[in-house]
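K.L.:
Supplied in C-alpha cells, the structure appears directly below.
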Amino acid sequence: MEQVYGIHAVDALLRREPGSIQRLWVQAGRQDKRMAALLDLAVNQGIATQTVPRAELDQKVFGRHQGVVAEVLRESRGGRFASRCPG
C-alpha cells in the first residue's frame with residue numbers, strides 16, 4: 001500500500017483513479033472550501049472517509065499532508081503519485 005497526501009494530489013487521484021483508494025483519512029476540524037470540495041468529490045466517487053486527529057495523520061506520512069491522506073493499492077505499473085509517497 002502507498003499513501004498519497006495533500007489536497008491537490010488526493011483531488012487528482014479521486015478524479016483519475018478513484019478505484020485505487022482503499023482508505024481516505026481527513027483531519028478533524030478542517031472545514032474550509034478546499035476540504036469541503038474534496039469531501040464532496042469523495043462522496044460522489046463512493047469513497048468513504050474517516051475523520052482523525054491531525055496527530056494521527058502526522059504519524060502516517062512525512063511531509064505536509066494538508067489534512068488529507070489516501071491509502072491506495074496500486075498494481076506494479078509505476079503510479080503517477082509515487083513521488084508523493086515516502087515508501
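The values are calculated or read from the model by the stated rules, or taken from the named source; none is laboratory data. Note that the coordinates shown come from a computational prediction; the quantities given were computed from them, not determined experimentally. Cβ: placed from backbone, ideal geometry, glycine included. Neighbour counts: every protein chain shown.
K.L.:
Residue by residue through the stretch 29-46, note down the ones that are touching a Lys or Arg at 6+ places or on another chain (Cβ under 9 Å) and surrounded by 11 or more Cβ atoms within 10 Å (Cβ to Cβ).
P.N.:
Scanning the stretch 29-46 gives ARG30, LEU41, GLN45.
K.L.:
Restricting to the stretch 1-10, name every residue that is touching a strand residue (DSSP E or B) at 6+ places or on another chain (Cβ under 8 Å) and surrounded by fewer than 15 Cβ atoms within 10 Å (Cβ to Cβ).
P.N.:
MET1
K.L.:
Right, another one. From the list LEU13, LEU57, which residue is crowded, with 19+ Cβ neighbours inside 10 Å, hydrophobic (A, V, I, L, M, F, W, C) and more than 10 Å from the chain's Cα centre (by Cα)?
P.N.:
One residue alone meets the criteria, LEU57.
K.L.:
So, in the stretch 16-28, exactly how many residues are crowded, with 20+ Cβ neighbours inside 10 Å and at pLDDT below 95?
P.N.:
Summing the residues that are crowded, with 20+ Cβ neighbours inside 10 Å and at pLDDT below 95 in the stretch 16-28 gives 0.
K.L.:
Among residues belonging to the stretch 65-80 that are of a type in the set (Gly, Ala, Ser) and within 14 Å of LEU13 (Cβ to Cβ), point out the one that is modelled with the lowest pLDDT.
P.N.:
So, considering only residues that are of a type in the set (Gly, Ala, Ser) and within 14 Å of LEU13 (Cβ to Cβ), the one modelled with the lowest pLDDT is GLY79.
K.L.:
So PHE62 clears everything in (1) surrounded by 16 or more Cβ atoms within 10 Å (Cβ to Cβ); (2) at pLDDT below 95; (3) among the aromatic types (Phe, Trp, Tyr) except one condition, right? Which one?
P.N.:
Of (1) surrounded by 16 or more Cβ atoms within 10 Å (Cβ to Cβ); (2) at pLDDT below 95; (3) among the aromatic types (Phe, Trp, Tyr), only one is false for PHE62: (1).
K.L.:
Any idea which residue in the stretch 57-74 is nearest to ILE7 (Cα to Cα), counting only those that are without any contact (Cβ under 8 Å) to a residue 40 or more places away in the chain and of a type outside the set (A, V, I, L, M, F, W, C)?
P.N.:
The extreme case among them is ASP58.
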